[in-house]
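Coordinate-derived values only; no laboratory data. A quick note: this is a predicted structure, and the numbers were derived from the prediction, not measured. Every residue, glycine among them, receives a Cβ derived from its backbone with ideal geometry; neighbour counts consider all protein chains shown.
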Amino acid sequence: MAESRYFMPPEWAFHKATWLSWPHRLASWPGKFEPVPGFFVELASWLSSSEEVHINVLDEAMEREVLELLRNSRHRQLQLDRIFLHHIPTNDAWCRDHGPNFVFRQSEGKSEKIILNWEFNAWGEKYSPFDSDNAVPERIASLEQLPLVSTGMVLEGGSIDVNGKGLVLTTEACLLNVNRNPLMSREEIERELAKYLGIEKVLWLGDGIVGDDTDGHVDDMARFVSETTVVIAVEDDPSDENYAVLQENYTLLKSYTDIDGNPLTVLKLPMPSPVIYDGERLPASYANFYIANSVVLVPTYRCSRDSEAIAILQGCFPERKVVGIDCYDLVWGLGAIHCVTHEEPALSL
């Protein structure tokens, strides 16, 4: 029997839907949970103007609560008929990391959409419980009646970014951390990524930004915006604690090539002014944007660099509307827009 081949489309490939997990864990935003549901209403509204939105809720009571918030929304772009709620329990709202990784499996001349079931251990068992989050891909596969392929490897969606042409961006700080896959070598991890994502080359960056409790997710630093172009967050102030690590990652990225040996186009994204709450530096970054079918949603942080970041990304996505969404409160949970979204590609390549 012919061996199956897998392929993960890039985020800008056409979506069937975006998946969200509704926030409910007060401890993720201690003392500041109140504005978070309103953020999710705004997010779902913009997404529904672009594609279907599927939201995981705990139960009927939460379903009623969410529907009421959506129906009372004043967001003109909201399309309620494109929003679907599912009783799929979660521990937290970070759907990028616990949600379904949809890929295509090709075998014997046929291509089918499947869900990869990576293991989720709450970023190295930092938070518990996480059993419901870890079960989300399996439950969505059952709901959507899609094949499920379990890899046995710990991997979060925010730790990888693909270009659809053989490359994946990731970080040593996260994927080589002993709290994820301590028995796997770098070479073994690269082989698993190649097998299940359909990539040929891993572009390794180093450490992550200050305040990132994921041990350095790449979606807070560098993202593909086309097959040949990467945007990367760069801090230009030498006195800022993110300066050295981001300059080092920028230099690394400039040295990399695609699978044919051609240099990548590397564009700088600014970093926002430091966002500090309760004495803690938060992982605020414009790189945590999300690419939907007709919109690109960019986190903003109430600072002068917001408009610059939006303008740079609008230049990268001329066919899409680039929209800033205020994440000043959301990032107290240590994540932004990309962290709470997960794309589902269309049914066929």
Checklist line | Alpha-carbon Rg with Dmax, taken over region 1-90, Å | finding: 15.8, 56
Notebook entry, point to check: Per the Cauchy relation, a quarter of the hull surface: what is the mean projected area of the convex hull of the alpha carbons in region 150-219, in nm²?
Noted result: 4.5 nm²
Margin query: For the pairs Lys16/Lys201; Lys165/Lys195; Lys126/Lys201; Lys32/Lys321, flag any whose C-alpha to C-alpha distance is greater than 18 Å.
Written below: Lys16/Lys201; Lys126/Lys201; Lys32/Lys321
Check: What are the residues whose amide H is under 5 Å from the amide H of Leu269, where those residues sit 5 or more places off or on another chain and H is modelled from the backbone?
Finding: Ile232, Ala233, Val234
Check: Short version: ³J(HN,Hα) in whole Hz for each residue of region 307-318, in order, from phi by Karplus 6.51 cos²θ - 1.76 cosθ + 1.60 (θ = phi - 60°), x for Gly and Pro, what are they?
Finding: 5, 5, 5, 4, 5, 4, 6, 4, x, 7, 10, x
Notebook entry, point to check: Once amide H atoms are placed 1.01 Å from N in the peptide plane, what residues at a sequence separation of 5 or more from Thr18, or on another chain, have their amide H within under 5 Å of its amide H?
Noted result: Glu52, Val53, His54, Glu344
Notebook entry, point to check: How much of the DSSP beta bridge set in the chain is antiparallel, as a percent to the nearest 5?
Noted result: 45 percent
Check: Viscosity 0.692 mPa s, temperature 37 °C: Stokes-Einstein D of region 171-270 from its Kirkwood Cα radius, in µm² per second?
Finding: 227 µm²/s
Check: What is the packing order of peptides 174-186, 210-222, taking the mean over residues of other C-beta atoms within 10 Å and listing the highest first?
Finding: 210-222, 174-186
Margin query: Based on the alpha-carbon set only, what is the convex hull volume of the chain divided per residue, in Å³?
Written below: 136 Å³
Checklist line | From phi via Karplus (6.51, -1.76, 1.60), per-residue ³J(HN,Hα) for region 210-226 in Hz, x at Gly/Pro | finding: 4, x, 7, 7, 8, 6, x, 4, 5, 6, 9, 10, 9, 9, 5, 10, 7
Next item on the list: Scan around Val295 for amide H atoms under 5 Å from its own, H built in the peptide plane at 1.01 Å from N, and keep only partners 5 or more places away or cross-chain.
Entry: Lys321
Next item on the list: Using θ = phi - 60° and the Karplus relation 6.51 cos²θ - 1.76 cosθ + 1.60, list the HN-Hα couplings for region 280-287 in order, rounded to whole Hz, with x at every Gly or Pro.
Entry: 10, 6, 9, x, 6, 7, 6, 5
